[in-house]
Amino acid sequence: MISIRDLHKYFGSLHVLKGINLDVEKGEVLSVIGASGSGKSTLLYCINGLEPIQGGSVTVDGTDVHAKGTDINKLRTKLGMVFQQWNSFPHLTAQQNVELALKIVKKLPRDQAREIAFRQLRHVGLGDKLDVYPSALSGGQQQRLAIARALAMEPTYMLFDEATSALDPELVGEVLDTMRLLAEEGMTMICVTHEMGFARDVSDRVAYFHKGVMEEIGPPSQIFGNALSEHTRKFLANVR
Amino acid sequence: MFDYNFHWRPVMKSLPDLLEAALLTLQVAVLAMILGILIGLCLALIRLHMTGPARWFATSWVELARNTPALFQLFFFGFGLGAFGLHLSPYLIVLTGLTFNCAGYLAENFRGGFQAVPDTQVRAARSLGMTPWQTYTRVIIPQVFRIVYHPITNQMVWAVLMSSLGMLVGFRELSGETQFFASRTFRIFEYFAVTAVIYYAIVKVILLSSRLLATRLFRY
């Protein structure tokens, strides 16, 4: 379980997250929506420790992410992350992209890493692209490669940071399908997203962020049907 | 109007000596480049990530190496240090001078290379559980290396050509050796013409092998 308690995050004097409280249970799919600059992506970076926090706590399966003694690199293998700008490693083939962390972080032998890489790439529909460099892949394929790379570490949780925002419209579908597949398989997911269709159809809960505050959280039927907060209703009216 | 008689025989007779000196030129240039790459990499990382005296030191090095004549730098390691009682051999003068100069130029190339790799690559690597060291050695530096590969080749060529300044501090590399023979035989034009061809050949070989290596190294 991921537990966030009274989380405060500042960039300089800018108060980006203002006391977030949130629990994500295993198996849950949570979508986080909200305007740009509302702190949604920063929340993800605080969960896997890529950003330090200035107040409160984040615990993952009982381990305090930001505590001094925490082995953050070990903890991160539990938290797969997929970025907006997909971030495949351009100097490595698709297979090597997936294998790298398996070999040097998990210290798996070469055969085993190769087998896992192959399985994960096939899983996201890239089984025929093993020896291809990212420059020869489309944006959607690179994003699926990034998903396979994160999944290969066998994370307990997957964090998606606007995974489809940088894609051409016709490529969004293939990535969303992959995310849907994961959700159906029972993966615990936190998806920062602007895809309202995905948030409504796939999530168990939807959280709306507004100016660093989690304004509202509830099942999709509540958020999209009759939101309690004025801000939420306004935001959704503008999005559609 | 043109009454100069070419005499190539003395040049041909000393060709083995010239070629041996060419090897010395190549040796000192390669050594200076290896040291220059290592030091330049450190200087670039210091300038990017550190503050205080270390950064000041790295910046001064780069500024001095790039903004003063290479010859003066050589003279500093030769006669400059000599004034303080530290006498280096001609070989060491050229090696330290070249290394100092190359490190300064390469540091700027590396700095540009590091800045050209997006920060998000670091985040992606760290999010997979890689340590900072693994992130640098396995993800960032391979990408930087590709960006600075051709500038490094240029610097290698420059190191070979610049080593000719060695003759001014008494180093008998290719130019020094040429000067030595030329002044003994007074066949100055002939000697320097042949030496120019040797330099040209060395540089061509460097450029060709660099290009060949690039096709093997960078498949993406």
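Shielding value for B:197-210 is 0, the average number of Cβ atoms from other chains within 10 Å of each residue's Cβ. Calculated on the alpha-carbon coordinates, the convex hull of the range A:198-240 measures out at 70 cubic angstrom per residue. Expressed to the nearest 5 percent, the antiparallel share of DSSP beta bridges inside the protein assembly as shown is 55 percent.
Among A:L50, A:L102, A:L159, the largest mean-square fluctuation in a Gaussian network model of chain A, built with springs joining Cα atoms closer than 10 Å, belongs to A:L50.
Projected onto planes of every orientation and averaged, the convex hull of the alpha-carbon atoms in the protein assembly as shown covers 31.1 nm².
For the range A:89-106 versus the range B:128-182, the spacing of their alpha-carbon centroids is 30 Å. The residues packed around A:K40, meaning those with a beta-carbon under 15 Å from its beta-carbon, carry a net charge of -2 if Lys and Arg are +1 and Asp and Glu are -1.
Evaluate Rg over Rh across the range A:71-114, taking Cα atoms for both radii and Kirkwood's formula for Rh. Intermediate values should be presented prior to the final figure.
Working: Rg = 11.5 Å, Rh = 11.6 Å.
Ratio of gyration radius to Kirkwood radius: 0.99.
For the segment B:119-125, counting C-beta atoms of other chains within 10 Å of every residue's C-beta and taking the mean gives 6. Per residue, the convex hull spanned by the Cα atoms of the range B:1-57 amounts to 135 cubic angstrom.
Run the reach check for A:K68 against lysines, Cα to Cα strictly under 27 Å, same-chain hits fewer than 8 apart removed. What comes back? Leaving aside lysines fewer than 8 places away in the same chain, those within reach of A:K68 are A:K9, A:K18, A:K26, A:K40, A:K78, A:K103, A:K106, A:K107.
Across chain A, the relative contact order, built from alpha-carbon pairs under 8 Å that are at least six residues apart, equals 26 percent.
Do any trypsin sites (Lys or Arg not before Pro) in the range A:153-227 lie in a DSSP loop with no more than 11 other beta carbon atoms within 10 Å, and if so, which? Working shown, then result.
Values: sites: A:R180, A:R200, A:R205, A:K211; in loops: A:K211.
Taking the range A:153-227 and a limit of 11 other Cβ atoms within 10 Å, no loop trypsin sites (Lys or Arg not before Pro) are found.
When all alpha carbon pairs of chain A are counted in 5 Å bins from zero, the resulting P(r) reads 1, 7, 14, 17, 19, 17, 13, 8, 4, 1, 0, 0 %. Per-residue mean of foreign Cβ neighbours for A:87-95 is 5 (Cβ atoms of other chains, 10 Å radius).
How big is the Rg/Rh ratio for the range B:9-217, C-alpha atoms only, Rh by Kirkwood, two decimals? Mind showing how you got there, number by number?
Working: Rg = 20.0 Å, Rh = 18.8 Å.
Result for the range B:9-217 is an Rg/Rh of 1.06.
Quick one: net charge of A:M81's neighbours, Cβ under 13 Å, K/R +1, D/E -1? Write out the running numbers ahead of the final one.
Details: positive: A:R76, A:K78, A:R149, B:R123, B:R126; negative: A:E51, A:D161, A:E162.
Net charge around A:M81: +2.
Within 10 Å of each candidate Cβ there may be at most 12 other Cβ atoms; applying that plus a DSSP loop requirement, which chymotrypsin sites (Phe, Trp or Tyr not before Pro) in the range B:74-163 survive? The partial results should precede the final answer.
Working: sites: B:F75, B:F76, B:F77, B:F79, B:F84, B:Y91, B:F100, B:Y105, B:F110, B:F114, B:W133, B:Y136, B:F145, B:Y149, B:W158; in loops: B:F84.
Within the range B:74-163, the qualifying chymotrypsin sites (Phe, Trp or Tyr not before Pro) (loop, at most 12 other Cβ atoms within 10 Å) are B:F84.
Each peptide among A:161-172, B:33-44 gets the average number of other Cβ atoms lying within 10 Å of its residues, and from highest to lowest they stand as B:33-44, A:161-172.
Note down the relative contact order for the range B:9-217 as a percent, whole number, built from C-alpha pairs under 8 angstrom at least six residues apart.
Details: 225 pairs, mean separation 60.6, N = 209.
So the answer I get is 29 percent.
Where a number appears in this text, it was derived from the coordinates with a stated rule and is not lab data. Bear in mind that the values here come from a model prediction, so they are computed numbers and not experimental data. Cβ sites come from the backbone with ideal geometry, for glycine too, and all protein chains shown count toward neighbours.
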